[in-house]
2 protein chains.
Amino acid sequence: MVSIYDIAQAAQCSIATVSCAINGKGRVSASTRKRILAACRTLGYAPNAAGRHLRLQRTETVGLLLYPTCASEFRNSFAAEVIEGLEDRLIAANYHLLLGGYRPQIASGTIPQFIGQGRVDGVVLLGKYPSTIIAELQLLPLPLLILDSEVTGLAIDSITTDGFAAGRAVVDRLVAHGHRRICMLAYDHDFHNPRMRRLGFLDGMQAHGLWPVQQSLITAFQHDAEGYRLLAHRLSGSEAPTAVFCENDHLALDLLSRLRADGVSVPGSLSLVGFNDDDGCAQAQPPLTTCHIDKKAIGRLGAEMILERIVAPELAVRHRLLPAVWIERQSVATRTTA
Amino acid sequence: MVSIYDIAQAAQCSIATVSCAINGKGRVSASTRKRILAACRTLGYAPNAAGRHLRLQRTETVGLLLYPTCASEFRNSFAAEVIEGLEDRLIAANYHLLLGGYRPQIASGTIPQFIGQGRVDGVVLLGKYPSTIIAELQLLPLPLLILDSEVTGLAIDSITTDGFAAGRAVVDRLVAHGHRRICMLAYDHDFHNPRMRRLGFLDGMQAHGLWPVQQSLITAFQHDAEGYRLLAHRLSGSEAPTAVFCENDHLALDLLSRLRADGVSVPGSLSLVGFNDDDGCAQAQPPLTTCHIDKKAIGRLGAEMILERIVAPELAVRHRLLPAVWIERQSVATRTTA
DNA sequence: TTGAAAGCGCTACCAC
DNA sequence: GTGGTAGCGCTTTCAA
């Protein structure tokens, strides 16, 4: 490996000058700078990371901690895109991404390995963390950032989608399409994002004075099949809903195929709205109307946010909200009830 | 951050002794060792990575280079599991994983950033790399490992599945089930893995003296829909195949739903075999008979292989083959042609 | 504009 | 068994 000494020798100067030239610290004459950079190029020099880290007390690396496991998050195309955006922006800042799945055995009470070893300047959290774990992680003397989630009451930087506004907007749109009997289908889980969507939905329903609000939210299920059963029951009753807003596209697409199998036409007899704009929404039959999230942007902005905090740890905590934008495809019908 | 000096002070000894005690380099009395380890625990000491790397000239990190991009590989559940296995084993060896998507602009002619900076001790390649890129990467003065692919003629460590044997075994199994008119459906791509499966398949067909071999391989398509068209055409002719071996589960599952939509019963009128044992095979209707690959094992063994090479760069190049094992579910019928 | 030198935290050699 | 110390490659202060 070629070191700064080799360059100094080749360019006939001291290592201090080489360092200055490379890092653009002025005080180097144009001619020596040119000599030095030329030598770097010919010898293929790149500053050794370990030496640099040791001296700078900075690793130019951020840890990506996935929960519950690497595989679970990778498989998730949402996370995959977020990571892509994150990596992209970090690389641009000469930063790198160190991968880690959360390991309960190691981390309970203790911190993930790579953190204690000073391998990273900050940690990005991605996944459906229980808030207890996040609270524990917060004790780390390290910049922390939560992507696509948030723990209310905890002072940790975060970037999320504005699910409340989106939930509200979905109701507005459906109403604009002439729907009055609207349902939301949401798993019986307690994660931040879907909760906000539910609240936004309820807000919209109330604002438009629609239906007994408590009837319009179907959440007493954990799995798609159960959810469908509940919905089917509602559909077969009188006063059946004409539109259903699903917590996410996965649920919506599952519903779509079940409805189809049962001969319920979408959007003919029932309109369907998803959330996330996953791959596959556009290919569905009919193409699914949903709320688009710019997942890469979450990653990109996340990279920027944590880099800023690394530089300025005393900055005020920031919670950034990204919009989810309505994508009209063909799963919502316009009702012209005379 | 607490350093080795803090421990030395707390334990009333020199930093040299602390280092020895921590790294188990003998020559430390039981009593001092105990004092030192106690101090480490109370002060929460972990050796600083940068200092260690600089001194050891080793980073205890391997780079994971994904192609074409991070997101593409993450989305792929096969890669996700491989990475999981890789990470698991690396962590156990106190190694870490540095993430990088392949960046053509940077890498053409030049090497990926993190490599030149001495950030990693080795690089693991995962994805559908063109062999030209691999050949370029091979010039790096770094241990290299290809997971789930291989470039024939290039001396690079690799771990792959034995697709030839598996392709051959599929024919054997189908024959054992009474099938004689067997097709293989494979995309018109030239990647190492599917090629080996094709060769194994052809070998089996020949060995059993089945059908004009050239007719039994359907590859003139790039997309699922075209593949289906070709197959459907064959099915409608006389001498229709009774069993189809698909290059992978994705294709098989796609076919399955198309066949179903067209009223072709599986396995009643046609038997179907996939490859990979992806999520979803077991849930399909009917559950898909396929070849199981232990993806995590590819990652785990990969970790071991590259760690070994890092320690002993002069080792002979190794190509390791893992078996793909037949998983009998319900998409293959037994034909008792009297 | 340049260079000498200190020191980041660690391991390993060598002397005691 | 233990400790002093050199030195890994780098950046930065200070002096020239």
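The values are calculated or read from the model by the stated rules, or taken from the named source; none is laboratory data. The model shown is predicted, which means the values in this text are computed figures rather than measured ones. Quick reminder, even Gly has a Cβ in these numbers, built from the backbone with ideal geometry, and neighbours come from all protein chains shown. Protein only, heavy atoms only, side chains kept; ligands, DNA and RNA dropped before computing areas. Shrake-Rupley method; radii C 1.70, N 1.55, O 1.52, S 1.80 Å.
Quick notes
- Shielding by partners - mean other protein chain Cβ count within 10 Å, residues of A:113-125: 4
- Gain on full stretching of the segment that runs from B:HIS319 to B:ALA240 - 0.36 nm per residue minus C-alpha separation: 24.5 nm
- Per residue, in Å², the accessible surface of chain A once ligands and nucleic acids are set aside, probe 1.4 Å: 44 Å²
- Distances between copies of B:VAL317, taken at a point 7 Å out from Cα along the Cα→Cβ vector and listed shortest first: 5.4 nm.
- Residue order by solvent-accessible surface for B:ILE15, B:ILE310 is B:ILE15, B:ILE310, largest first, with ligands and nucleic acids left out and a 1.4 Å probe.
- Legend: Rg and Dmax of chain A, from Cα coordinates, 25.9, 89 Å.
- Between identical copies, the spacing of B:GLN222 label points, each set 7 Å from Cα toward the C-beta atom, reads 4.6 nm from nearest to farthest.
- Of the trypsin sites (Lys or Arg not before Pro) found in the range B:268-338, not one falls in a DSSP loop while having at most 10 other beta-carbon atoms within 10 Å.
- Entry for the range B:222-338 at q = 0.16 Å⁻¹: log10 I(q)/I(0) = -0.77, Debye formula applied to identical alpha-carbon scatterers, no solvent contribution.
- Other residues whose C-beta falls under 13 angstrom from the C-beta of B:TYR129 contribute a net charge of -4, scoring Lys and Arg +1 and Asp and Glu -1.
- Peptide A:47-56 shows a mean partner chain C-beta count of 6 within 10 Å per residue C-beta.
- Two-decimal log10 I(q)/I(0) for the range B:89-171, as the Debye equation yields it once each C-alpha is a single scatterer, q = 0.17, 0.18 Å⁻¹: -0.77, -0.84
- Overall size of the protein assembly as shown from C-alpha positions, given as principal axis extents largest first: 80, 74, 61 Å.
- The alpha-carbon of B:LYS295 sits under 28 angstrom from the alpha-carbons of these lysines, leaving out residues fewer than 8 places away in its chain: A:LYS128, A:LYS295, A:LYS296, B:LYS128.
- Value at 222 nm in deg cm²/dmol, rounded to 500, when DSSP H runs of n ≥ 4 in chain A each add -39,500 (n - 2.57): -13500 deg cm²/dmol
- Extension gain (nm, one decimal) between B:ALA225 and B:ARG27, 0.36 nm per residue minus Cα-Cα: 64.3 nm
- Contact order, relative form, for chain A: 18 percent (alpha carbon pairs under 8 Å, 6 or more residues apart, mean separation divided by residue count).
- Built from the Cα atoms of the range B:31-178, the convex hull projects on average onto 14.2 nm², one quarter of its surface area.
- Phi to ³J(HN,Hα) by Karplus 6.51 cos²θ - 1.76 cosθ + 1.60 over the range A:325-335, Hz, x for Gly, Pro: 10, 4, 10, 7, 10, 10, 9, 10, 9, 9, 9
- Largest accessible area first, the listed residues B:ARG260, B:ARG119 line up as B:ARG260, B:ARG119 when surface is computed with a 1.4 Å probe on the assembled protein chains.
- Label distances, nm, B:ALA282 versus same residue in remaining copies, Cβ-directed 7 Å point: 3.4
- Gap separating the Cα centres of the range B:174-227 and the range B:1-65, nearest whole Å: 58 Å
- Quotient of Cα Rg and 2.2 N^0.38 Å for the range A:105-232, N being how many residues it contains: 1.36
- Between B:GLY302, B:GLY237, B:GLY268, the GNM of chain B built on Cα springs shorter than 10 angstrom shows B:GLY237 fluctuating the most.
- A viscosity of 1.306 mPa s and a temperature of 10 °C, combined with the Kirkwood radius over Cα pairs in Stokes-Einstein, give a translational diffusion coefficient for the range B:1-78 of 107 µm²/s.
- Rounded to the nearest 20 debye, the dipole magnitude of the protein assembly as shown is 1660 debye, with +1 charges on Lys and Arg beta carbons, -1 on Asp and Glu beta carbons, and the Cα centre as origin.
- As a calculated quantity, the FRET efficiency between B:ASP262 and A:ALA232 at R0 = 35 Å, using C-beta atoms, amounts to about 0.85.
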